[in-house]
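Presented below is the structure to which this report refers.
The values are calculated or read from the model by the stated rules, or taken from the named source; none is laboratory data. This structure is a prediction, so every number in the text was calculated from the model and none was measured. Methodologically, a virtual Cβ is constructed for each residue, glycine included, from the backbone with ideal geometry; neighbour enumeration extends over all protein chains shown.
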Amino acid sequence: MDFKKALELGVSGAGPDTAWLVPLLDAKGADESALMSAADKKRSVTMGDSVHLRGLIEFSNYCRKNCHYCGLRKDNKKVERYRLSKEKILETALKAEKLGYKTLVLQSGEDLQFSREEMSEVIKELKNKTKIAVTLSLGERDEETYRAWRKAGADRYLLRIETTDPEIFKKIHPDSDLEHRKNCLYTLRKLGYQLGSGVMVGLPGQDALSLAKDIVWMHDLGVEMIGIGPFLPHKETPLKDEKGGTLNQALRLIAVLRLVFPYAHMPATTAMGTIDPMGREKALQSGANVMMPNITPTEVRPLYEIYPNKICLDESAEKCFGCVTARIIAIGRTVGTDYGHTKRSDRRQATSEKRKAT
């Protein structure tokens, strides 16, 4: 299928199909610009011009997993490990709320010391002492743990699938199982979390067709938040010598995702700012509508090194909030003042569109 026909299908709201997804994901030059422009228009119509800010607290860099791309992998002995106390997490959250954040993202490696009970207490404290929405990104846990955290007050959960290709998944996750990870996402959906997933772009062996299949799977899952970012090789991992992903690959994927998921929340990730000083702005102009400033205490922020050369490692939360706000205004957008929940009406609309497409 040629690009023009593929873009027409994408803009029309056709159900995702690899036949038209692949030409869009492979777009170059003028076609690439047309794709990003169409996605930006779709974003403006469905999500408006506000950019929602989610304050990111990376509270532990301990991890039980050995993922081949991640600098926090358990076999990396050069990492200085840390854990924030419950009191420090709460202190950081209170500061974030005063600055104007409506959502916090609590993220860590798969650190089992933060048990079901421990994290439940953290979530309850946050919900009791703030009015902030809580997103968790803590990896794979069992159903009872997910249920306890939801009962404690967690609103959203982000668990990136990274890839649905079994061979690629096994190469990058030597101690994980693809079907188990999928089942975690099915469980999170069943428990009523606003559900987030996403993929990594530029993985070894990945191509437009495998990304297209990822999109179809996430559409069937019914994700409401989609976090994507380029693969950036870390020198202390088995994939250190691989080429890595590019900003344009990530921008094309964001644009295609916006056409397929008109109502999903999509962040312009920090990794894009690592590749290009204007990477986050370019993502916002290609379909993204969220930014996630890092508000982790600066004394430990550099230690959460999933990928190298992360930006904004020594800026205070106040300075970072001001900088991000200025960047958003500079491209003609506004900072969101609501919680940025997926509206129930939008969720019904998205489900209706999915049924029509099938």
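Of the residues L72, L53, L84, which is under 22 Å from V324 (Cα atoms), crowded, with 16+ Cβ neighbours inside 10 Å and among the aliphatic types (A, V, I, L, M)?
Values: L72 fails: under 22 Å from V324 (Cα atoms); L84 fails: under 22 Å from V324 (Cα atoms).
Result of the check over L72, L53, L84: L53.
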Worksheet item: Restricted to region 313-337, and to residues that are surrounded by 17 or more Cβ atoms within 10 Å (Cβ to Cβ) and part of a loop (DSSP other than H, G, I, E, B), which residue is modelled with the lowest pLDDT?
Response: E315
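Yes or no: region 208-216 includes at least one residue that is in contact with a Gly (Cβ under 8 Å, 6 or more places away or on another chain) and either of a type outside the set (G, A, S) or surrounded by 20 or more Cβ atoms within 10 Å (Cβ to Cβ) (or both).
Here is the first cut: in region 208-216, the residues in contact with a Gly (Cβ under 8 Å, 6 or more places away or on another chain) are none.
The answer is no; no qualifying residue exists.
Anything in region 280-302 that is over 15 Å from the mean Cα position of the chain (by Cα) and either touching a residue at least 24 places away in the same chain (Cβ under 8 Å) or in a helix (DSSP H, G or I) (or both)? List them, or say none. Working first, answer last.
So in region 280-302, the residues over 15 Å from the mean Cα position of the chain (by Cα) come out as 281-282, 285-286, 295-302.
Residues satisfying the conditions are E281, K282, Q285, S286, I295, T296, P297, V300, R301, P302.
Are any residues in region 300-331 of a type in the set (D, E, K, R) and within 20 Å of C63 (Cβ to Cβ), and if so, which ones? Please lay out each step first, then the result.
Filtering region 300-331 down to residues of a type in the set (D, E, K, R) leaves 301, 305, 310, 314-315, 318-319, 327.
Within region 300-331, R301, E305, K310 meet the criteria.
Residue-wise test of (1) among the hydrophobic types (A, V, I, L, M, F, W, C); (2) surrounded by fewer than 18 Cβ atoms within 10 Å (Cβ to Cβ); (3) farther than 25 Å from G229 by Cβ; (4) touching a residue at least 60 places away in the same chain (Cβ under 8 Å).
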position	(1), (2), (3), (4)
S108	no, no, no, no
D111	no, no, no, no
F114	yes, no, no, no
E117	no, yes, yes, no
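Considering each of K88, K78 in turn, give the residue that is in contact (Cβ under 8 Å) with a residue 12 or more places away in the chain, outside any loop (DSSP other than H, G, I, E, B) and either under 13 Å from Y304 (Cα atoms) or charged (D, E, K, R) (or both).
Details: K78 fails: outside any loop (DSSP other than H, G, I, E, B).
After ruling out the rest, the residue left standing is K88.
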